[in-house]
1. Of A:Val235, A:Val199, which residue is assigned to a loop (DSSP other than H, G, I, E, B), at pLDDT below 95 and within 30 Å of A:Ser6 (Cβ to Cβ)?
2. Just the residues that are among the acidic types (Asp, Glu) and part of a loop (DSSP other than H, G, I, E, B), please, taken from the range A:336-358.
3. Looking at the range B:92-138 only, could you name the residues that are in contact with a Ser or Thr (Cβ under 6 Å, 6 or more places away or on another chain), within 29 Å of A:Phe72 (Cα to Cα), more than 8 Å from chain A (Cβ to nearest Cβ) and in a helix (DSSP H, G or I)?
4. Check A:Arg354 against each of (1) surrounded by fewer than 18 Cβ atoms within 10 Å (Cβ to Cβ); (2) modelled with pLDDT under 95; (3) within 30 Å of A:Thr134 (Cβ to Cβ) and name the one condition it does not meet.
5. Of the conditions (1) more than 16 Å from the chain's Cα centre (by Cα); (2) surrounded by fewer than 22 Cβ atoms within 10 Å (Cβ to Cβ), A:Ala334 satisfies every one except a single condition; which number is it?
6. Given the structure, is B:Glu149 at positive phi, in contact with a helix residue (DSSP H, G or I) (Cβ under 8 Å, 6 or more places away or on another chain), assigned to a loop (DSSP other than H, G, I, E, B) and of a type in the set (Asp, Glu)?
7. Quick one: would you say B:Glu4 is of a type outside the set (Gly, Ala, Ser), touching an Asp or Glu at 6+ places or on another chain (Cβ under 6 Å) and within 14 Å of chain A (Cβ to nearest Cβ)?
8. Kindly indicate the residue of the range B:74-85 that is assigned to a helix (DSSP H, G or I) and facing chain A (nearest Cβ under 8 Å) and also nearest to the chain's Cα centre (by Cα) among those meeting that condition.
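The values are calculated or read from the model by the stated rules, or taken from the named source; none is laboratory data. Quick caveat, the model's predicted, so the values are computed rather than measured. So basically every Cβ, Gly included, is an ideal-geometry build from the backbone, and we count neighbours across all protein chains shown.
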Amino acid sequence: MATQASFIGQKNKKDQVYTDPWKMMFEAERTPSFFTGSEVIKEAVRRASCDMMVAYPITPQSEAAALCGELFAEGYIGDYFRGESEFAVMSQCAGAAFGGARVFTTTAGPGTMRAMENFPMWAGARLPIQMIVTCRGINSPLSIQPDTLEIAYLMNTGMLVWHAETAQDFYDWILMGYMVSEEPDVHLPLALCCDGFFVTHTKDMVDLTPTEMCLPPYDPYRSPVPCMDMECPPVRMMRDPFVMKSNYISYATHASWQQEVWAAVERSRKHTIRWMNGLIETENTDADVIVVASGTAVSQSREAIALLEDEGVKVGLVKVKTLRPWPGEEIREATKNAKHIIIPEFNVTGWMAREVSATIPNNERVHAGPHVCGGMTMPPEIIAAEIKTLLGMKVPAMAGRG
Amino acid sequence: MSKERIKIAEELYDIMPAEYQDLVKRATYGNEQRGWKDIGNAKELIEEHSLCAGCPESMAFRYILASLPNPEDTVMVGSTGCTSLVFPHVAVHNIHSLFGNQNAIASGLKRALSVRFPDRVKDVVVLAGDGATVDIGLDMTLQAWFRQEKFTTICFDNELYANTGGQESGLMQKGFVAKMAPVGKSFEKVRLPEIARESGCHYVVNCTVSKPNLVEKVIKNAINVAREIGPTYLQMYTPCILEIGKNSMEGLQEMRDSEKPSERFAYKEFVSEPAKELLAEMAAKEKERKAEAKRQLASQTVAVG
């Protein structure tokens, strides 16, 4: 097996220094920059030492995918090409990851759904691919607008699923994401989700790490499964392929591997907590009313909480950063004193409310909503109105709501 | 490269499985002259298989694995089907991921290996059935060729979905009555070799696996052309004796019958101009190597004499 020396301190062909990731993320000087979410993706990937990116056009991730192409042209990514569909793209990503590459891709909405067969395969094959999901509607009639329904499907694939609120989250988490998902006791793909357009197409101040620093390269030999490059002995995998066998050993093998994949999701907790300072963030959890949200719904909730504060109503906040692993214990603790738990979501089914309801005691406290979907925005006023209604306060009729 | 990479630590030798010890002692990794004639003399890279008795696919597997020019640096990509029952027994790295995505996997894999090992030859070979190659995976088969991805695609054409019990496939002959074609298949066998040529493949062969020396030749040509120039495609008839009502002993005859000049598996070959040049160059080198070996043998004989 090829040995890989420590790369820290060495330079890559773009003169970037492979830097201790902890130093790069927490100690290096940051430069405030005014960028769109798509540009932020490019800037994170520039520093991520990616071997391969496969791209495909679908709104609203097309710009980010094309910007990464510019990075390839500049020499920051080993290889880059446009696949023929999301199903193919995710398989091409898998092929590259099987071959020991650090892989990056982006997708959205219908693309996520078209590629879906790949995701449990990625997790089962323990491929630490990073996929940015810029969520958009998956319904018919055709929609390109923001909607987070696709996340509900991703949550049962065995992938790590994180939900960024802001461009700053996005920047940091892309880089931290590789550090977590490439840990040998994790070694799983990561779906790093954001709400399309709201994060990808708006400009925000983001503190960037220095351009001349980048992550150390991926070491494919720190994997729980062999890298398919013929650099280690080609073991005979099994005497009887399990696929055809209807016997207990076959079932037990499949079952134990699925359990192992989900155990690896749980093992990612300790690394994620270290890098992201917890799976959730909380504010004022002593309040009677607490909002639990992820993604852009958190930002809108912050505004709603400020509006209510002006009216003398104190509301707490739980920002859920990781959906897989699911921070059940953290949410239980943060909401233990709440009388009402409000869960605003950008989707029609309310998957977050279901997850929380399944997690906490006395879940009649959970109020699923408000829900917006199909590209609707979520004005803070409707969150505030929902809370006031719940508290028996008078709510002025809002335009469009009769 | 040689067998170095699979060598067993002395202290652990006795606890390794006998077949692995055998692989270290008698396999032909690193032997540039390896070929089908090693079968029976050296350790094969396939340990066992769980295919039906007499299945021509098992012959094809053995010939192909014996003929890989560079098995120590070859990664194979399979798909779902009877081939996926064999790959777990094969002593080259191989990937099964989903049904039909084999050429997409191979595209990513080949590029990753090129990025990671810019100064080494790492061959990628796809081996999948006709359902995977022509039906569910056709999109990815063709797109890999359009993009000029540098790997070989081998299709084991048994003209139906064998592993799921004999359903109609795109490569099935017109009129054949099968499951899901209850009144006979209504359209012609898809002409993938011609499509392959038009899609940019530099070396295309349509044949059966009745002759091991022929299989060795086309495998070596296809892999060498893919390595240096661009995509190559081999379509090999490996009849499913079970589904066409033949006995275990009749597979070979079925292939011989199907490769007669007027039949659908009569040997057909397409070689692009750059591939012709490469193969001619390689043939000249091989001739020179043999002549040199002969000269050395002669001088040794003289010296002894």
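1. On inspection, the qualifying residue turns out to be A:Val235.
2. Those that are among the acidic types (Asp, Glu) and part of a loop (DSSP other than H, G, I, E, B): none in the range A:336-358.
3. B:Gln102, B:Asn103
4. Among (1) surrounded by fewer than 18 Cβ atoms within 10 Å (Cβ to Cβ); (2) modelled with pLDDT under 95; (3) within 30 Å of A:Thr134 (Cβ to Cβ), the lone unmet condition for A:Arg354 is (2).
5. So A:Ala334 meets the others, but not (2).
6. no
7. No.
8. Here the residue is B:Ser84.
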